[in-house]
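To start, the structure under review is shown below, and the notes come after it.
The values are calculated or read from the model by the stated rules, or taken from the named source; none is laboratory data. Since the structure is predicted, the reported quantities are computational estimates derived from the model, not experimental observations. All Cβ positions, even for glycine, are placed from backbone atoms using ideal geometry, and neighbour counts span all protein chains on display. Ligands, DNA and RNA are stripped out before the accessible areas are found, and what is left, the full protein with its side chains, is counted by its heavy atoms. Shrake-Rupley method; radii C 1.70, N 1.55, O 1.52, S 1.80 Å.
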Amino acid sequence: MKIFVIGAGQVGSTIVESLYSEHDLTVVDIDEARLTALAYRFDVRTSVGNGASRGVLQAAGIGDADLVIACTSRDEPNLIAAMLARKLAPRARTIVRTTNVEYLDVWHAGQLDVDFIVSSELETALAVSRLIGVPAARQTDLFADGQVQIVEFDVEPDANAELVGRPLREARLPEDSRVASILRAGEIVPPLGRESIKIGDRVVVIGSPHAARQWSSLMARHARGRVDNIVIFGAGRIGRAVARVLLDQGVDVRLIEADRERAREVAELLPEARVLHATGTDPEFLERERIGQAEAAVLAMREDAKNLYAGVLAKLHGVPLAIAVVHDTVSMEVFEAAGIQISLNPRSLTAEEIVRFAHDPRTQQVAMLEGDRYEILDITTRADSDLIGKEFRELPMKGAMIGALIRDGKAIFPHGDEKLRAGDRAIVFTQTERAAEVEQAL
């Protein structure tokens, strides 16, 4: 597939890294240094110039493109580039990254002529909402209209003794779930029956949402159930988007905003939330407002340093779960070292949503794990696949595993004697470098 990526920032770079080995990529950006760095790391063509310019796009050869991804940090140039691409590359699908949920609403109303819009704010808000349902998880995603949940856990010393150290065939695992992979010291350990989960492992589970919550309890014996009382630090676009999604789910939300005018506007915009005008880093304020009684804190300010300080302070006051919106991926290790359990990068979440459009058309959804080293695919099996009719115990392992099937609209979590059928939607864990091979096999 010939793919044009307009924007070589963090979103564009993540997309290129995921797709360059299987596709013919051209990257357009006004920053020559960024393009040089990308061309040095990956086998891609680059073109220096404004991606919202008709002449630049034509000179770069956009006419033959199959897919155009406009993912700069600026919304309007992205929209202009995508609309130009509709005229200059008639067969190409157009994907736009936006930082403004309003553009998503306009697109849903049919008033923007592009194929798909991805909102960084909404993707971040949805990620937060999924995480608060499984408090012990470090990452989670929903597939098949919410019937299947992918959950990644760190195995801590307080994990249930019934689970840790026992062969998987003997461990009492939640029903309707499968261990998709055990990550140990950066390497995949196939989840065979004789293998066991150890302290320090990172475990990827595919199961029903109910099973995911049971796994959460096993992984952290003192973990609470669903979180219903949250404080959000920062009422910017991401903070507001998170608040909207959580309020719709019946969660009690408090927003802390340092800017008086913005706090007033958000209070009018979200009357169901309690909006507090404060920096969020004053210990007396935190004590007075009983912030420590919140079940979780979402750190959504614009600066990573402020989020880090506010997160550590909130935990010192007793908030058990902290979820940080991290703008620089380099900072994520710092947050983890400081005891902030979960870090979300809006640009990475946006790239993950966009990447699926470059997969096999039978692939309906993609989730990326561990710095994009692994992927979860939702792919419909072909009638002529050599794997059709084989029992699951006979399927090759080799770094990929089917954790769930969607058959006749319902989720199945197969055992060894289950057979793969044509038309099944398979939820597959695989190494990213093998994703195309897995799609071809199925």
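Among DSSP bridges having both ends in the chain, what percentage is antiparallel? Round to the nearest 5.
Roughly 50 percent of the beta bridges in the chain run antiparallel, per DSSP.
What size of dipole, in debye to the nearest 20, comes out for region 225-379 about its Cα centre when the only charges are +1 on Lys and Arg C-beta atoms and -1 on Asp and Glu C-beta atoms?
Taking the Cα centre of region 225-379 as origin, the dipole is about 260 debye.
Starting at the first residue of region 149-157, write each ³J(HN,Hα) from the Karplus equation 6.51 cos²θ - 1.76 cosθ + 1.60 with θ = phi - 60°, in whole Hz, x for Gly and Pro.
For region 149-157, the Karplus curve yields 10, 9, 9, 10, 10, 8, 8, 8, x Hz.
Per residue, what accessible area does region 94-163 have, given a 1.4 Å probe and all protein chains present, in Å²?
With the other protein chains kept in place, region 94-163 gives 35 Å² per residue.
Please report the carbon-and-sulfur percent of the accessible area for region 284-375; probe 1.4 Å, protein heavy atoms only, DNA, RNA and ligands left out.
50
GluC sites (Glu not before Pro) within region 111-180: which are DSSP loop residues with at most 16 other Cβ atoms inside 10 Å?
Sites meeting the loop and neighbour criteria: 162, 170, 175.
For region 1-92, what is the accessible area per residue in Å² when the probe is 1.4 Å?
Heavy-atom accessible area per residue stands at 46 Å².
Under 5 Å between amide H atoms, partner at least 5 residues away or on a different chain: which partners does residue 404 have, H built in plane at 1.01 Å?
Amide H neighbours of residue 404, under 5 Å, 5+ apart: 427.
Expressed as a rounded percentage, what relative contact order does the chain have, with Cα pairs under 8 Å and six or more residues apart?
In percent, rounded to a whole number, it is 12.
Students sometimes get this wrong: rank 21, 47 by accessible area, probe 1.4 Å, all chains present, largest first.
Of 21, 47, the descending order of accessible area is 21, 47.
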